[in-house]
Amino acid sequence: YLYGGILRAFVLLWINTMPSFAALQLASPILTAISELGYNTPTPVQTQAIPEILAGKDVLAGAQTGTGKTAAFALPLLTRLLESPRAQNKRPSALILAPTRELADQVATSIQRYAANSELTTLAVYGGVSQNPQTEALGQGVDILVATPGRLLDLLNQKALELSAVRWLILDEADRMLDLGFKEELIRLLKQLPKDRQTLFFSATFPKSVKDLAYSMLKQPVEIAVAADNAPIDSIEQVVYNMDNNKKRAALAWLIGSGNWQQVLVFVRTKQQADDLANELKKDGIKCNSLHGDKSQGARTRALDDFKAGKVRALIATDVAARGIDILELPWVVNYELPFQAEDYVHRIGRTGRAGNSGKAISFVSRKEEYLLADIETLIKRVLPTQWLVGFEPNFDEPDGGENHGRNLRKQRQKAKKKAKAQATYGIKKSR
Ligand code: AMP
């Protein structure tokens, strides 16, 4: 009895010290919605950000995807919206900027779920799809607008939209918006927004360009986890296999087959490689699809839906196209090729190990990619243990491409960096 009583007291004490949503002063329709979604305990970024946002402070938060960052800004935002009078003429009171269509869609869907028990309305507008339905929906009025910068500027220029009632501005994945060349658009948009507003700035990484942008638009912000910006989520096990390029495809097919992987996201550097690898894996009998920026919005949505529904086992994606993919419990991410930009590694592996689930990120590194691995290790401030995959060990008699190849790759990286920036900007703007 005595021991049982002591144990119960400890358990109760422990439960009471655990953070809870109820203690966070969120509006009751929001609390009901998240409890229906099965959210029991706030994630660390939620525990830290929600009280500051409710107190009306500007926030600068370092949050990778998968940490619960959307709810971290959406739950207090909805609470504040419910407590304030709605804007006249049904103009948007809150504006959320996101780098890609996929992320904009995903954020809007999450907010609609959190707001399900209220009358607040949310709309996503982005390029690549017809503008008319978006203009019509805007005409009917909306409280929360989620937008990619390009389409938003188009709509503003056409006077299909007015932002003078915006009191909350949120930048989601700000680093990615700068990567995609949206700096000018952001500066132009900021000029059109009321100065009297609360601004929340979320980014996974904080290079100088991102910090400069943040401090130019935030007023005495509260900083949350900004220092720990580049550390990948601890729940992700990272494995590096040294491997010749010409063995990568067979190794991937073998890992998928022998490990009976049912859902693996594979990253490559180019659209061509995504298509080629998907075709090769299909020949190996693995159901798979590719996801990249040259595909139509419809094809991208279909590829994602099929992957989420388990109809395809492997999705071969480029970095830009894969932004914002939110699949809970995605167990495997494979870096078939290392990214040219080390920050992309952090974004890629953040697709697994989400919301406290464990995940594994596997990187295939050929000898000519070793300097890219060094860049990543410098960024994440950690040396990643390398190993050989039995049966796919590097062949030292026939060097993988030789020295010239290594030099070529460096040249390619410089070219790719310039091209990617131009193309990403052009690609997204072109298909606004
Ligand atoms: P995000 O970082 O916003 O992309 O969120 C990652 C995933 O975690 C999403 O699928 C959310 O639905 C889920 N999530 C966010 N907060 C919680 C929470 N407190 N408890 C359980 N799941 C959550």
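The values are calculated or read from the model by the stated rules, or taken from the named source; none is laboratory data. The structure presented is a predicted model; accordingly, all values stated were derived computationally and were not measured. FYI the Cβ positions are ideal-geometry reconstructions off the backbone, even for glycines, and counts take in every protein chain you see.
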Among (1) of a type outside the set (D, E); (2) within 12 Å of the ligand (Cβ to nearest atom); (3) in a helix (DSSP H, G or I) - the single one P51 does not satisfy: (2)
Matching residues, the stretch 95-131, being over 27 Å from K191 (Cβ atoms) and surrounded by fewer than 20 Cβ atoms within 10 Å (Cβ to Cβ): T109, S110, Q112, R113, A116, N117, S118, E119, S130
Residue within the stretch 301-317 that is in a loop (DSSP other than H, G, I, E, B), without any contact (Cβ under 8 Å) to a residue 12 or more places away in the chain and out of contact with any strand residue (DSSP E or B) (no Cβ under 6 Å at 6 or more places or on another chain) present: yes
Any hit, the stretch 114-132, residues being at pLDDT below 95, in a helix (DSSP H, G or I) and either more than 16 Å from the ligand (Cβ to nearest atom) or within 16 Å of the chain's Cα centre (by Cα) (or both): yes
Residue match in the stretch 167-174 (condition: under 16 Å from A147 (Cα atoms) and of a type in the set (D, E)): yes
Residue within the stretch 245-264 that is closer than 24 Å to L372 by Cα, at pLDDT below 90 and β-branched (V, I, T) present: no
Test for T100: is it in contact (Cβ under 8 Å) with a residue 24 or more places away in the chain, under 18 Å from the mean Cα position of the chain (by Cα) and within 11 Å of the ligand (Cβ to nearest atom): no
Residues within the stretch 23-46 that are within 15 Å of the ligand (Cβ to nearest atom), within 11 Å of L75 (Cα to Cα) and assigned to a helix (DSSP H, G or I), tallied: 6
Criterion: hydroxyl-bearing (S, T, Y) and without any contact (Cβ under 8 Å) to a residue 24 or more places away in the chain - qualifying residue of S130, S93: S130
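Can you work out which of the residues in the stretch 62-97 that are within 11 Å of the ligand (Cβ to nearest atom) and outside any helix (DSSP H, G or I) is nearest to P221 (Cα to Cα)? Reasoning before the result, please.
Applying the first criterion (within 11 Å of the ligand (Cβ to nearest atom)) to the stretch 62-97 yields 63-75.
Those still in the list that are outside any helix (DSSP H, G or I) too: 63-68.
Details: A63: 15, Q64: 19, T65: 21, G66: 23, T67: 20, G68: 20 Å.
So, considering only residues that are within 11 Å of the ligand (Cβ to nearest atom) and outside any helix (DSSP H, G or I), the one nearest to P221 (Cα to Cα) is A63.
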Counted residues, the stretch 362-390 - those being over 14 Å from E337 (Cβ atoms), among the hydrophobic types (A, V, I, L, M, F, W, C) and outside any helix (DSSP H, G or I): 5
Test result for D284, more than 30 Å from E393 (Cβ to Cβ) and among the acidic types (D, E): no
Residue count for the stretch 31-60, restricted to those that are under 21 Å from the mean Cα position of the chain (by Cα) and of a type in the set (S, T, Y): 3
